[in-house]
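Each remark here refers to the structure printed beneath this line.
The values are calculated or read from the model by the stated rules, or taken from the named source; none is laboratory data. Note that the structure is predicted; figures quoted are calculated from it, not measured. Cβ coordinates were reconstructed from backbone atoms using ideal geometry, including for glycine residues, and neighbour counts include every protein chain displayed. When the accessible area is computed, the model is the full protein with side chains, heavy atoms only, and any ligands, DNA or RNA have been set aside. Shrake-Rupley method; radii C 1.70, N 1.55, O 1.52, S 1.80 Å.
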Amino acid sequence: MAYMFCGVALPSPFFLAPMAGITDRACRAIALELGAGLVFTEMVSAAGLARGDRKSATLLPSPEEAPRVGVQLFGGRPDDFRAATLRLNDLAVPFIDVNFGCPARKVVRSGCGVALMREPARVRAILEAVCAVAGKPVLAKIRAGWDESERNAVEIARIARECGAAAVTVHGRTGRQGFTGLADWGAVRAVVADGALPVTGNGDIVTAAQAVRALADTGCAAIMIGRGACGNPWIFRDAAALLAGGEAPPRPDAELAETMARHLALALAEHGPRRGVQTMRKHLIWYARGRAGAHEFRRRVVRLEDPREVLREIEAFVAGTPEKARGPRDSGGLARACL
């Protein structure tokens, strides 16, 4: 059954968060295949799109994936956001997401991301520029505030509504916290209770049960999952099953191996052999987390460059094959599926 979010029909209310250096096309494809209702690009520079920068353009979704991918913009100048929005109007993406929540030092030092929450007037100017020309719903991603003395998520959500935004995503940490400590879902509930806009809650969701419980307990319209989906894209499928009153389906070892190989294949297609393997290393380590032999798998896989060797390591790791039994054998179905 379709879930309606800001007038757009989606498979579920569980979304993959935008994460720089992580949510590339390969990562997004895996999340969508495993039940994510919506995914987002890595942060795209509004200034880069405005001036036609090729690197910024490569972060945009392909035409095939665009209908299920929101584009997140970051920057500091309203004119850049306006120009970038006009360009995004030509894509079939469902949402334009404006970032007021990134705590990365480089972003904050440039006066962007969560630093903008300290300047509500600039937030208003940026959102007015975007909403004035956007041909699709505009979302705003914020945090609880800059720090404990400047917790203004409710104020920023109200500004977003006044400018014409369709919804707001609230991460329960402050900008000063970065990703340390715990997310304060009280900050999320405060924005929900204020009623300015539909709210997507975000922060410390690492299990499907937590996602479903957060949706029910907070009154949020949707739940966004970031680091909890790294190495566990099944969290979206499982959460949807629990929400529907069922149980999370079992995940056999064969499915783990196939998903790791599928993710590798998509990364190779997107980035080429060398960079594809390099970008996959962190994902493979996350997939292995919590399983017997994960430490040895990590030690071996971070040194590999050849995709076929990576596939052999995946197969051996999931099968629990001892190191001495590994050899330059063909990886069977995994190799054929991936390469």
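The table that follows gives values for the structure above.
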| quantity | calculated |
| --- | --- |
| Phi to ³J(HN,Hα) by Karplus 6.51 cos²θ - 1.76 cosθ + 1.60 over segment 103-110, Hz, x for Gly, Pro | x, 4, 4, 4, 5, 5, 4, 8 |
| 5 angstrom amide H check on residue 171, placed H, neighbours 5+ away | 142, 143, 144 |
| For residue 98, distant residues with modelled amide H under 5 Å away | 73, 139, 140, 141 |
| Dipole of segment 203-272, positive direction: furthest Cα of 245, 203, 256, with charges on the beta-carbon | 203 |
| Within the chain: Cβ-based charge dipole about Cα centre, in debye rounded to nearest 20 (Lys, Arg +1; Asp, Glu -1) | 860 |
| Equivalent ellipsoid, the chain (semi-axes from 5 times Cα gyration tensor eigenvalues, Å) | 36, 22, 18 |
| Under the Karplus curve 6.51 cos²θ - 1.76 cosθ + 1.60, θ = phi - 60°, whole-Hz ³J(HN,Hα) for segment 214-230, x wherever Gly or Pro sits | 5, 4, 6, 7, 9, x, 5, 7, 7, 10, 9, 10, x, 4, x, 8, 6 |
| Within the accessible area of the chain (1.4 Å probe), percent carbon and sulfur | 52 |
| The chain: calculated mean residue ellipticity at 222 nm from DSSP helix runs of at least 4, using -39500 (n - 2.57) | -13500 deg cm²/dmol |
| Farthest toward positive dipole pole in the chain [+1 Lys/Arg, -1 Asp/Glu at C-beta], among 142, 6, 50 | 50 |
| Amide H within-cut-off set for residue 10, under 5 Å, with H built and near neighbours excluded | 3, 4, 5 |
| Only Lys, Arg (+1) and Asp, Glu (-1) charged, at Cβ; segment 1-158 dipole about Cα centre in debye | 320 |
